[in-house]
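The next block holds one structure in the form of structure tokens; read it before the comments.
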Amino acid sequence: MDRRQKASGSGAAPVTRSRRRTADPIAFGLQKLFEPILNEPVPDEFLAILDRVDAERDRRTQAGGPVDPSGSAGL
Amino acid sequence: MPADSADDARFRADMVATIPSLRAFARGLCGNRELADDIAQEALLKAWAARASFSPGTNFKAWLFTILRNHFYSIGRRAARFAPWDPELAERTLVTPPDQGVNIHFSDLQRGLGMLPPEQREALLLITANGLSYEEAAAVMGCPSGTVKSRVGRARLAIMKFMDGAAAVSPPGEVAAGVRRDISRRV
């Protein structure tokens, strides 16, 4: 099966890689270990940080002043 | 909406979509929930600040991981002190890969991950847990892809040996020391 996937072109590579990872107990275990974090909703504080950056950027733009390229002033 | 605002909105949406992976990668690097989230939040701010340097069409996730990884190492010893036991993650005790007679204890896997040198741990996390290619991981880590392959191979071997040892009666410290000696003989 591997030989056929390799022969079918570059599009098959991710599938082969994915199957190899699933067959690897370490990869499987690590994926399962971190699965709960991947399935958690994004915590509010992460979104709040981005909101504060946006708000600061908007405030500076409306004030006509230079926009802090980092958008992170005051954070 | 001006073009740059639309671009910013798209960039922000991409960042938000990548937050779960970013948090998981940070957690794998430092093994501590609070520190991992601090690192991930800092990485988001840095990414936002550096958004002009992102080349559309390239791997956004790898770009963000690079920023997070650089920040992780820049904060030095605090981040390098890996906590090998994360009770929240390890509370689930067993997972069995499909079509295999291998049982994996999360607690052993975590301890094995914790005893790895940081460069092997990050290589293993990027390739196996986050699905990056060797070339993408090499870009994140700033080394040749062959080095990534070598580090992943050593990490996998060390964890397998550690988990084999953990199944025996040796205390974890002795097992880790034994694995390190074994690896140093092979390298």
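Rule-based calculations on the coordinates, nothing more; no lab input. No experiment lies behind these values; they were computed from the predicted model shown. Here the Cβ is made from the backbone with ideal geometry for all residues, glycine too, and neighbour counts use every protein chain on show.
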query = On average, how many beta carbons from a partner chain sit within 10 Å of the beta carbon of a residue in B:148-157?
reply = 1
query = Among B:Leu124, B:Leu109, B:Leu45, what is the fewest-to-most ranking by other Cβ atoms within 10 Å?
reply = B:Leu45, B:Leu109, B:Leu124
Label-to-label distance, nm, for residues given as A:Glu45 and B:Cys143 (7 Å Cα→Cβ offset) = 3.1 nm
request  = Could you work out, residue by residue across A:34-47, how many beta carbons of other chains sit within 10 Å of that residue's beta carbon, and then give the average as an integer?
outcome  = 5
remark   = Ranked from fewest to most other Cβ atoms within 10 Å of their own Cβ, B:Cys30, B:Cys143 fall in the order B:Cys143, B:Cys30
ask   = Using modelled backbone amide H atoms (1.01 Å from N, in-plane), which distant-in-sequence or interchain residues come within less than 5 Å of B:Gly131's amide H?
value = none
task = Ignore the peptide's own chain and count Cβ atoms of other chains within 10 Å of each Cβ in B:14-27; give me the average, rounded.
result = 4
request  = Sticking with the crude label model, points 7 Å out along Cα→Cβ, report the distance from B:Ser150 to A:Ala55 in nm, one decimal please.
outcome  = 5.0 nm
